[in-house]
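The values are calculated or read from the model by the stated rules, or taken from the named source; none is laboratory data. For clarity, every value in this text was computed on a predicted model and none was experimentally measured. Cβ placement follows ideal geometry from the backbone for every residue including glycine, while neighbour counts extend to all protein chains displayed.
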Amino acid sequence: MAIPVKLEVFEGPLDLLLHLIDKNKVDIYDIPIVEITEQYLDYIKQMETDDMNVMSEFLVMAATLIDIKCRMLLPKEVDEQGEEEDPRAELVQKLLEYKMYKYMSLELKDRQVDAEKSLYRSQNLPPEVALYKPPLDYEELIGDMTLSRLHEIFKSIVRKKEDRVDPIRSHYGNIEKEEVDMDRKALYVEAFAREHKNFSFRNLLEKQSSRMEVIVTFLVILELMKTGKITISQESIFDDIMITSNC
């Protein structure tokens, strides 16, 4: 009977490689690629996952390790400076960056846990201390201020306020907004249309007492025309607009 083995879950292929490097206690700058690749492939064979995205990441890294293993067997390549290139250099750089980010995330997590342990005591002052107010030194507060000096300051403030007043507009009366009830105006126009049947638009507007009533009446005419309660006609451009009631 086979003994089931529970595999450790890793966050990704780089996490697995770091685990193997730490487990074998090898220098990250001098990775024994053959040994690490074999152990990596053994882990891949034992993986059981239905997520193809996760599995594909591990397979890509396996292919990368095999490629590095093959390049290690070939003659060393030389760069432009005449130095031998290490096929493991790019992988080492990625591992170092991942290791740094991983340690930083653990450090931030530890700080978050420590911050949750910080407790603050609410203020608890005795009433006589909380209600205490230091006495005012009126002589220090007034300083060299005198009544004549205060009077000069008051006059300068009043003068500045008078300068801001428009000498013409200040005599205007208050401008009040004229309220026109659109619903009442609509009932008025509908009653006017039923009573007159055919009438001119100008004649209707002349019966209005203000500009706001003219605007509201115009809007009511547009709404009645939209709903089909009236019909608009005009023989030529500058002729009067005639309205026919369909009510």
Taking the stated definitions as given, is M100 closer than 21 Å to I28 by Cβ, among the hydrophobic types (A, V, I, L, M, F, W, C) and within 33 Å of the chain's Cα centre (by Cα)? yes
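Somewhere in the stretch 101-112, is a residue surrounded by 13 or more Cβ atoms within 10 Å (Cβ to Cβ), assigned by TED's automatic domain parsing to the domain that holds D22 and modelled with pLDDT of 80 or more? Quick ask: steps written out before the conclusion?
Of the stretch 101-112, the ones surrounded by 13 or more Cβ atoms within 10 Å (Cβ to Cβ) are 102.
So of that shortlist, the ones also assigned by TED's automatic domain parsing to the domain that holds D22 come out as 102.
Now drop any that are not modelled with pLDDT of 80 or more, which leaves 102.
The answer is yes, given that some residue of the stretch 101-112 is surrounded by 13 or more Cβ atoms within 10 Å (Cβ to Cβ), assigned by TED's automatic domain parsing to the domain that holds D22 and modelled with pLDDT of 80 or more.
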What's the number of the condition I142 fails, among (1) surrounded by 10 or more Cβ atoms within 10 Å (Cβ to Cβ); (2) at pLDDT 80 or above? (2)
For the list (1) of a type in the set (S, T, Y); (2) more than 38 Å from the chain's Cα centre (by Cα); (3) at pLDDT below 80, I need the number of the one condition that Y132 fails. (3)
Residues that are more than 54 Å from the chain's Cα centre (by Cα) and either among the hydrophobic types (A, V, I, L, M, F, W, C) or within 15 Å of M182 (Cα to Cα) (or both), drawn from the stretch 194-225: F199
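Just the residues that are part of a helix (DSSP H, G or I) and not hydrophobic (A, V, I, L, M, F, W, C), please, taken from the stretch 29-48. Quick ask: steps written out before the conclusion?
To start, the set of residues in the stretch 29-48 that are part of a helix (DSSP H, G or I) comprises 33-46.
Hits for the stretch 29-48 are E35, T37, E38, Q39, Y40, D42, Y43, K45, Q46.
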Taking first residues from the stretch 1-29 that are over 17 Å from F58 (Cβ atoms) and modelled with pLDDT under 80 and second residues anywhere that are of a type in the set (D, E) and not in a loop (DSSP other than H, G, I, E, B), the pairs with Cβ under 9 Å that are 6 or more apart or on different chains are N24/E35; V26/E35
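Here is a check on your reading of the model: is S156 modelled with pLDDT of 70 or more, surrounded by 10 or more Cβ atoms within 10 Å (Cβ to Cβ), out of contact with any Leu (no Cβ under 9 Å at 6 or more places or on another chain) and of a type in the set (G, A, S)?
Values: modelled with pLDDT of 70 or more: yes; surrounded by 10 or more Cβ atoms within 10 Å (Cβ to Cβ): yes; out of contact with any Leu (no Cβ under 9 Å at 6 or more places or on another chain): yes; of a type in the set (G, A, S): yes.
Criteria met by S156.
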Selection count, the stretch 41-55, where residues are loosely packed, with under 10 Cβ neighbours inside 10 Å and either more than 18 Å from L20 (Cα to Cα) or at pLDDT below 75 (or both): 5
It is to be established whether one or more residues within the stretch 106-119 are of a type in the set (K, R), in a helix (DSSP H, G or I) and within 21 Å of D22 (Cβ to Cβ). yes
So how many residues does the stretch 184-207 have that are of a type in the set (F, W, Y) and over 20 Å from S233 (Cα atoms)? 1
